[in-house]
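The values are calculated or read from the model by the stated rules, or taken from the named source; none is laboratory data. All values derive from a computational prediction rather than experimental measurement. Ideal geometry is used to build each Cβ from the backbone, glycine not excepted, and the neighbour counts take in all protein chains shown.
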Amino acid sequence: MIITKAPRGTRDVLPEEAWKWVYLENQFREICNQYGYGEIRTPTFEHTELFVRTVGETTDIVEKEMYTFKDKGNRSITLKPEGTAPVARAYIENKLYAQTQPIKLFYVTPGFRYERPQAGRLREFHQFGIEVFGSKDPAVDAEVISLAMLFVKRLGIKDLELYINSIGCPVCRKAYRKKLLEYIKAVKDKLCNTCKIRVDKNPLRILDCKNETCQKTLADVPEIIENLCNECKEHFDSLKKHLSLMGFDFKVNPRIVRGLDYYTKTVFEIMSHEVGSQNTVCGGGRYDGLVEECGGPPTPGIGFAMGIERLLMTIEAQNIELPKHTPFDVFIVTIGKEADDFGVEFLYKLREAGISADKDYLGRSIRSQMKYADKYNARYTVIIGDEEIKNGVLTIRNMKTGEQMEVKTDKAIDYLKNGGI
């Protein structure tokens, strides 16, 4: 068995790339804080029934993609394939519905789906997400969308397109389903095999099929947006008004239905045309029946999920330079055993003072140590040798200017701090 290779569909994030992830996470946390969202962290795995009930038994996720297993107590457990259902469960279990509404939450989480790995879609993936519980106001829908749009704007991403739709509520969707089935049954033979199965199980999902033949076959299919009840139509019109007030360009796409059964009314996607076939950077919508479906009180909700891997692909495709982490503060160069011992002590004092610092651990030559310091973009090197220890001074070199001076040992930390570290 090969144990030196990561499982298929997973990948390592090494230090030269991890800083980008940290930067994105910090930026996301900052904007969520500005919008008044608090962070929530849910378990990596949940009871399988949570996803079967909320995501939908006929969805691809539940039928084909979940990592499900029995634990030692013979309970069915699933690695979370998406973030919303666990947050809804936490909302109920922790009685957040008893607090002042709305409850505004965000998360940064891994997710797991067993599917064919491809660019932007791995079996272990990572998401930013937000959820708002307790308000039916379409202004909240606009706020959720605006947070996603402002976030990607701050990252410098351009040429993204915002698509919105309404898939109605159980009332208007029931009437629409009849019209949809009448149309589909007349063209069923022309549909792909997956859509033929969906006809009886979940016909609304057929509208989102990416198969070209299916798209042509459904060119004249009745659109749900033309069959909304008055309440849903007013909600959608109000959403468009609020987005326009914020200055957002958007397109209404009646084919957006999203892949999960819990969605109602508003659904939206932010698309990039620079990351291949996996071009949905962000997707979300309203789920006014989800909390009740999970066993809680009737509670409206809305949220989105944004794939971090796809976000990074978009950033790379647009050649966006993210701000790199600050240069390393100090590298200690030692000459001899006594100096090396002194370097260990001084290194800790630097770190204790809040200065990022490191030293050589491989017995390199002075020249090699200086090259190593330069490679890691150190601002200063502190050179310690027998003469420095004897005279109670340290030689400090500014690696950018090449300027070098001797500083008394007991003043060195203050000097480095006052020097701009």
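Worth a mention:
- Remark: pairs (first residue in the stretch 79-100, farther than 17 Å from L50 by Cβ; second residue charged (D, E, K, R); Cβ separation under 6 Å; 6+ apart in sequence or on different chains) are absent.
- R367 meets all of the listed conditions (1) farther than 26 Å from E16 by Cβ; (2) free of Cβ contacts under 8 Å to residues at least 40 places away in the same chain; (3) more than 40 Å from the chain's Cα centre (by Cα); (4) not in a loop (DSSP other than H, G, I, E, B) but one, namely (1).
- Selected residue (only one of G307, G283 is more than 30 Å from R364 (Cβ to Cβ) and in contact (Cβ under 8 Å) with a residue 60 or more places away in the chain): G307
- Summed over the stretch 31-45, residues that are in a helix (DSSP H, G or I) and surrounded by 12 or more Cβ atoms within 10 Å (Cβ to Cβ) total 3.
- So L347, is it more than 30 Å from F125 (Cβ to Cβ) and either part of a helix (DSSP H, G or I) or outside the structural domain of Y23 (by TED's automatic domain parsing) (or both): yes
- A single member of T84, T100 is within 20 Å of Y35 (Cα to Cα), under 18 Å from the mean Cα position of the chain (by Cα) and of a type in the set (S, T, Y), and it is T84.
- Annotation note: Cβ proximity below 7 Å between a residue of the stretch 313-327 that is in contact (Cβ under 8 Å) with a residue 40 or more places away in the chain and a residue that is assigned to a helix (DSSP H, G or I) and of a type in the set (S, T, Y) (sequence gap 6+ or interchain) occurs for L322/Y23; P323/Y23.
- Residue within the stretch 379-389 that is assigned to a strand (DSSP E or B) and under 30 Å from Q27 (Cα atoms) present: yes
- Considering each residue of the stretch 392-407 in turn, none proves to be assigned to a helix (DSSP H, G or I), free of Cβ contacts under 8 Å to residues at least 40 places away in the same chain and over 40 Å from the mean Cα position of the chain (by Cα).
- Residue match in the stretch 148-170 (condition: modelled with pLDDT under 95, more than 25 Å from E321 (Cβ to Cβ) and of a type in the set (A, V, I, L, M)): yes
- Complete set of residues in the stretch 162-199 that are aromatic (F, W, Y), outside the structural domain of S146 (by TED's automatic domain parsing) and surrounded by fewer than 20 Cβ atoms within 10 Å (Cβ to Cβ): Y183
- Within the stretch 197-251, tally of residues that are among the β-branched types (V, I, T) and closer than 28 Å to L147 by Cα: 2
- Contact annotation: residue pairs with Cβ atoms under 8 Å, 6 or more positions apart or on different chains, pairing a residue in the stretch 171-190 that is more than 13 Å from I225 (Cα to Cα) with a partner that is among the charged types (D, E, K, R) and not in a helix (DSSP H, G or I), are Y183/D220.
- The set of residues in the stretch 53-71 being surrounded by fewer than 18 Cβ atoms within 10 Å (Cβ to Cβ) and at pLDDT 85 or above consists of E65, Y67, T68, F69, K70, D71.
- Enumeration of residues in the stretch 198-208 that are in contact with a Leu (Cβ under 8 Å, 6 or more places away or on another chain) and under 13 Å from R255 (Cβ atoms): L204, I206, L207
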